[in-house]
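See below for the structure under consideration.
The values are calculated or read from the model by the stated rules, or taken from the named source; none is laboratory data. Small disclaimer: the values here were computed from a predicted structure and weren't measured. Cβ placement follows ideal geometry from the backbone for every residue including glycine, while neighbour counts extend to all protein chains displayed. Note: accessible area is taken over every heavy atom of the protein model, side chains too, but ligands, DNA and RNA are not part of it. Shrake-Rupley method; radii C 1.70, N 1.55, O 1.52, S 1.80 Å.
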Amino acid sequence: MFNKNFGDKKIKLAAFYSLGVIVVVLILNYLILSMRTEQITYNKFLDLLSQKKISEVQVTQDKITIIPKDNSGIGKKILYTGRIDDLDLKNELKASGADITAPSGNDDPLINLLLSYVIPIALLLVIGRFLFGRIDKKLGSGVMSFGKNNAKLYAESETGVTFEDVAGQDEAKESLIEIVDFLHNQDKYIKIGAKLPKGALLVGPPGTGKTLLAKAVAGEAKVPFFSMSGSNFVEMFVGMGASRVRDLFQQAQEKAPCIVFIDEIDAIGKSRDTGGIGGGNDEREQTLNQLLSEMDGFDSSLGVVILAATNRPEVLDKALLRPGRFDRRVIVDRPDLKGRESILKVHSKGVKLASDVKLEEIAKATSGAVGADLANMINEAALLAVKSGRDEIIQADLEEAVEVVIAGKEKKDRILSDKEKRSVAFHEVGHALTAALLKHSDPVHKITIVPRTMGALGYTMQLPEEEKYLVTKEEMMDEITVLLAGRSAEEVQFNSVSTGASNDIERATKTARNMITIYGMTEKFDMMALESVENRYLDGRPVQNCSAETATLIDSEALSIIKTAHEKAKKILSDNKELLRKVAEILIEKETLMGDEFMEIVKESSAWKEKTEA
Ligand code: ADP
Ligand code: MG
Ligand code: ZN
């Protein structure tokens with residue numbers, strides 16, 4: 001079969017090498033022999049004998065080695081090969097005075113065989129192995145290591161990760177603890193006849209700790225951990241992936257109890273009927289089929305548990321999700337406030353924190369961040385502390401690190417002209433002031449006009465007072481208004497506009513559309529689903545599912561939401577033009593204003609009094 005050949009390429013290569021070695025040794029032996037000896041016919045031998053040119057003969061079963069006399073003119077030993085049943089031979093030998101001697105030691109057929117064949121062949125094979133090993137290492141998992149040996153590379157006997165290293169994923173941990181228990185005390189389950197799930201699928205956005213959790217399960221259960229990424233299975237040769245799956249499961253069953261972890265399983269588990277160009281991918285399909293049949297094939301009482309992770313569960317083939325395969329789903333979602341705090345705690349174990357550090361504050365400021373982001377922030381803060389010559393991390397380092405991860409590093413060498421700086425300052429204060437004066441928007445945490453590497457020339461950071469799980473229509477409207485208030489401030493102050501609002505516009509429009517199509521917040525479309533979110537855990541981009549006419553209506557509805565919000569922002573800012581100028585001038589001077597400094601100024605204004613009285 002075509003597949004098999006590729007899968008066993010290594011074995012084939014080795015076989016070729018061994019065959020070559022044997023042929024070479026045979027030829028060499030033959031050459032050496034013919035250099036040292038010459039074969040003659042029996043008659044020639046008798047001739048030599050009668051000419052008395054022979055001093056000695058060594059007779060063995062099937063050959064006679066003839067050693068000529070020194071003065072005979074014949075240099076080498078002569079060999080006659082063949083059966084010797086000439087009864088007169090003995091007499092002839094006697095007559096010619098040739099001695100019959102015993103074959104010398106190394107004519108023992110066994111030793112001969114050893115010396116001339118076995119040892120050289122063995123030696124060459126050992127050298128071959130060594131060379132193969134070198135090539136193998138050089139190419140990594142390349143040409144030479146097709147098939148068999150590959151899964152071995154991924155077997156780690158101890159991951160060293162425990163559940164303690166995974167923070168803020170309590171529900172996920174709880175469902176996995178059961179699996180650990182199963183691996184620990186299989187008897188308990190088998191006795192009662194319970195069948196444990198063969199596999200669990202970890203689902204969630206990137207960086208939430210899926211890979212980490214899988215490792216923790218293996219670490220807690222203290223069993224071997226075979227891990228492979230889905231993309232490793234998909235090779236350039238058809239059939240390679242399937243053969244890897246086979247090898248992986250074969251090894252896993254030998255090492256049971258153990259855990260097989262397939263990371264990014266969507267690479268092979270994509271639904272078979274949504275194939276790419278040309279109606280599907282043969283290689284991936286074969287690999288998936290192999291995986292399905294392996295999962296069905298083994299007995300779960302062996303203690304092999306299959307974990308897989310993906311951030312695109314919706315594209316997975318339904319066959320993977322049916323009972324008896326990945327029948328259990330473990331959601332690993334973005335951590336909430338408490339979760340973020342505990343993740344920060346876990347990652348700050350290895351670093352020195354000053355006593356002023358309040359991780360809770362940082363957790364509050366990082367809504368939406370995943371574990372990987374938070375780990376990154378702690379490290380960034382440590383780097384900042386080192387940079388400023390401190391030996392411990394202070395709160396300011398952490399705050400700066402949050403901004404670095406969100407908006408990029410401060411870009412001090414980007415010099416804005418005074419005019420640009422004024423424009424950015426008014427824009428940002430526009431956001432901040434509108435946020436402060438609207439009822440349903442989040443408090444301002446920080447306003448800055450220090451440019452960042454990730455494109456922002458300045459930004460206003462708002463922080464919710466507490467973690468929000470539900471957002472009301474009013475809050476969404478105010479959010480849009482605040483987003484559009486940057487540009488509105490430019491209009492109110494300079495009566496001209498700049499390109500600086502592009503990101504605001506994009507976000508405002510997206511929110512407006514979501515209000516209409518997903519959250520059913522408009523009268524016109526009532527509670528009709530006009531869009532559905534396809535991959536919830538990645539970008540969450542919605543896909544429209546309505547007619548073209550409706551799409552046009554949605555556009556005009558979104559436009560009217562945007563227009564309303566824009567007018568509202570402009571009204572607030574032109575009503576409070578004085579306050580806008582005052583704060584903007586301070587910001588231009590200081591470049592950064594913290595939330596409380598900003599609110600002190602706002603709270604003196606009449607607009608604030610109106611808001612609080614209302
Ligand atoms: P995923 O596989 O979901 O994309 P990973 O497990 O690879 O994410 O996480 C990347 C890194 O982020 C981990 O090595 C760990 O340092 C950190 N991390 C992510 N989630 C958590 C968590 N819940 N607790 C602690 N650390 C986490
Ligand atoms: Mg991962
Ligand atoms: Zn803006």
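Scanning segment 193-217 for residues that are within 14 Å of ligand 1 (Cβ to nearest atom) and basic (Lys, Arg) gives Lys210, Lys215.
Identification of strands (runs of 3 or more DSSP E) wholly contained in segment 53-166 with 1 or more residues that are at pLDDT 75 or above yields 54-59, 63-68, 99-101.
With respect to Ala456, determine if the residue is assigned to a helix (DSSP H, G or I), open to solvent by less than 60 Å² (accessible area, probe 1.4 Å) and not charged (D, E, K, R). Here the answer is no, as Ala456 does not meet what is asked. Yes or no: Asn289 at pLDDT 85 or above and either among the acidic types (Asp, Glu) or touching a Gly at 6+ places or on another chain (Cβ under 7 Å) (or both)? No, not satisfied. Being exposed (fewer than 15 other Cβ atoms within 10 Å of the Cβ) and of a type outside the set (Asp, Glu) is a property that holds for Ser355.
Here is a yes/no grid of residues against (1) in a helix (DSSP H, G or I); (2) among the charged types (D, E, K, R); (3) open to solvent by less than 10 Å² (accessible area, probe 1.4 Å); (4) modelled with pLDDT under 85:
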residue	(1), (2), (3), (4)
Leu212	yes, no, no, no
Val217	yes, no, yes, no
Ser231	yes, no, no, yes
Glu235	no, yes, no, yes
Val238	no, no, no, yes
Phe249	yes, no, yes, no
Ala256	no, no, no, yes
Ile259	no, no, yes, no
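Tell me whether segment 313-327 contains one or more residues that are within 12 Å of ligand 1 (Cβ to nearest atom) and under 26 Å from the mean Cα position of the chain (by Cα). No, every residue in segment 313-327 fails to be within 12 Å of ligand 1 (Cβ to nearest atom) and under 26 Å from the mean Cα position of the chain (by Cα).
Within segment 322-361, the set of residues being in a loop (DSSP other than H, G, I, E, B) and acidic (Asp, Glu) comprises Asp327, Asp333, Asp336, Asp356.
Against the condition under 23 Å from Gly368 (Cα atoms) and either loosely packed, with under 13 Cβ neighbours inside 10 Å or not aromatic (Phe, Trp, Tyr) (or both), how does Asn503 come out, does it pass? Here the answer is yes, as Asn503 does meet what is asked. Considering segment 564-614, the qualifying helices (runs of 4 or more DSSP H), each wholly inside and each with 1 or more residues that are among the polar types (S, T, N, Q) and assigned by the TED database to the domain that holds Leu463, run over 606-613.
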